[in-house]
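Remarks on the structure that follows.
The values are calculated or read from the model by the stated rules, or taken from the named source; none is laboratory data. Note that the structure is predicted; figures quoted are calculated from it, not measured. Here the Cβ positions follow ideal geometry from the backbone for every residue, glycine too, while neighbour counts run over all protein chains shown. Note: areas computed on protein heavy atoms with side chains; ligands, DNA, RNA excluded. Shrake-Rupley method; radii C 1.70, N 1.55, O 1.52, S 1.80 Å.
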Amino acid sequence: KESYFLCAPLPLSKKIFLLNELEGQLRLMRVDPNTKLIKKIPRSTLEKSLTLMKIPDAEQASKHLLRRTQPLHIAQADDLLICPTHAGVLFGVERGKMAVRWQYRYRPEKTAPPRLPLWQAACPIVSKDRIVFTAADAPDIHCIDLDGKKQWIAPADKDLYLATVHDGV
């Protein structure tokens, strides 16, 4: 009850990773898919849950259309999971340890999110040693390195979504 699964599950190394919001906490969950799931995920099934952030009250999925309707696609680069939030922050999580390696704030903390998405949700794209992404709650295209450090930002030009990176472009 009042739990929101915000992405499709990502299967890796015989586990399933997914983003869930419960009581205002955004969590990355690692689940053993070999256990039967009936009605809800029992605690014994959940291998590990990592709280990424407390979502501000007005931005919680139950109250904010943008966060409820735009999926959070998890990307992967080796042992790094790239976890979007549509709440101003992108997280890099070390998959094996289920620990936050870095966080990248792409929208100032005190800036209110738009009511409607500025982009259609797209998975962060990993290309060589870079991550290119858009967020439904921010107007720009961002490029960061695998350590979460900003490389560049480009304004949107009435674009709808980020499609791909090809040959470094």
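Summed over the range 97-135, residues that are of a type in the set (Phe, Trp, Tyr) and either part of a loop (DSSP other than H, G, I, E, B) or more than 14 Å from the chain's Cα centre (by Cα) (or both) total 2. Across the range 47-106, the number of residues qualifying as within 16 Å of Leu6 (Cα to Cα), open to solvent by less than 10 Å² (accessible area, probe 1.4 Å) and hydrophobic (A, V, I, L, M, F, W, C) comes to 12.
So, in the range 136-152, exactly how many residues are part of a strand (DSSP E or B), exposed (fewer than 13 other Cβ atoms within 10 Å of the Cβ) and in contact with a Phe, Trp or Tyr (Cβ under 9 Å, 6 or more places away or on another chain)?
Count: 1.
Scanning the range 153-169 for residues that are under 29 Å from His64 (Cα atoms) and either modelled with pLDDT under 95 or open to solvent by less than 30 Å² (accessible area, probe 1.4 Å) (or both) yields a count of 11. Could you go through the range 20-40 and let me know if any residue there is in a strand (DSSP E or B), closer than 22 Å to Ile153 by Cβ and at pLDDT 95 or above. Scanning the range 20-40 turns up no residue that is in a strand (DSSP E or B), closer than 22 Å to Ile153 by Cβ and at pLDDT 95 or above.
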